[in-house]
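Below is one structure; the comments refer to it alone.
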Amino acid sequence: MPLPLIFSSLNLPGLCVLVTPRTRDTGLVLSLPAGGFFLQRLGLLAGLLILSGTVLLGDDLLDQPGVQRLPAVEPLAAPAWLKPADDPVVVEAKKTWTGSLELGLNGSDGNTVNFNLHTGFDFARQTSGGVFEVGFDYAKVNSSGFKTDHHALLDLEQKWIGQSRLGGFVHFAFDYDEFKAFDSRISANGGLDYRLVDTDWTELVWRWGSGFSQEIGGPTSRTVPEAIFGMQLKRRVTDRQQFEMEVQYLPDWSRFADFRLETDVGWKILLDQARDLSLKFDLNDRYDNTPGGLQPNDLTYAVLLLWEL
């Protein structure tokens with residue numbers, strides 16, 4: 001950059017000796033005129049100003065011959081032991097068994113003595129090909145010292161569920177009822193399931209198949225071949241309420257006019273999410289048009305406290 005005219009009379013090479021180490025290597029000697037003390041100080045000030053301007057114009061200075069750039073210094077990385085550890089990823093283990101327990105009690109004491117007990121459980125185990133389910137219901141009613149209801153129902157079922165909507169099932173049931181024409185009844189059947197609707201809120205399954213039933217301790221012990229046509233519905237009404245219904249129609253293969261019809265309806269209302277406690281309204285109906293001289297229809301209903309496991 002050109003120097004201002006006012007500094008043309010100064011011995012700038014000598015001045016540079018004072019301000020730059022490079023001129024120190026050239027052997028130049030400061031040679032200001034004798035008695036030029038004022039001019040010497042003025043030249044020093046001018047040199048500093050020129051040097052400051054050159055530094056401000058850093059690119060011009062760095063382009064001069066003999067000037068080298070220092071290599072860029074990489075920032076020091078913190079050692080691994082100083083870095084905060086990542087939060088561990090917690091993978092929630094999938095439950096193999098799920099289920100629920102239910103209990104309902106009511107009674108009275110005084111002129112009449114009544115005691116009603118209704119309890120049961122449902123368990124499900126996830127398998128490689130589907131799910132295995134166990135269900136049990138038990139009810140006993142005493143009124144004024146007389147037993148008016150006493151029955152138990154056990155259901156075992158294996159479902160095969162794949163990627164398609166079509167699946168399979170095998171079902172076994174044991175039915176005990178002290179007030180039926182028989183002591184107990186066993187039944188077994190199997191067939192196909194078709195998931196007509198399968199969403200987070202609604203599940204609707206149709207089923208059909210074939211099997212048999214046999215009454216034990218009754219007027220007849222004949223093994224009855226049966227068809228099965230059924231429907232299962234689960235509907236989440238809200239985040240805290242769920243409706244469930246299952247209907248099975250089981251006609252006699254040899255005589256379709258003889259049939260059994262089984263209906264289960266339930267409504268669950270979540271009471272305490274932290275404790276998995278719910279209130280359940282349960283209705284169970286068993287219809288048999290060959291009752292052996294008794295009423296063909298048995299209807300039970302209950303209000304239960306349900307605990308999810």
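Odds and ends about this structure:
- Residues of the stretch 94-121 satisfying the condition of being on the phi < 0 side of the Ramachandran plot and not in a strand (DSSP E or B): 94, 95, 96, 109, 111, 112, 113
- Within the stretch 199-219, being modelled with pLDDT under 95 and charged (D, E, K, R) holds for 200, 215.
- For the stretch 156-186, a residue qualifies if it is small (Gly, Ala, Ser) and at pLDDT 90 or above, and the qualifying residues are 164, 167, 168, 173, 184.
- Residue, farthest from residue 193 (Cα to Cα), within the stretch 133-154, restricted to residues that are surrounded by 15 or more Cβ atoms within 10 Å (Cβ to Cβ) and aromatic (Phe, Trp, Tyr): 138
- Qualifying residue in the stretch 242-254 (condition: surrounded by fewer than 14 Cβ atoms within 10 Å (Cβ to Cβ) and out of contact with any Pro (no Cβ under 7 Å at 6 or more places or on another chain)): no
The values are calculated or read from the model by the stated rules, or taken from the named source; none is laboratory data. Computed from a predicted structure; not experimentally measured. Methodologically, a virtual Cβ is constructed for each residue, glycine included, from the backbone with ideal geometry; neighbour enumeration extends over all protein chains shown.
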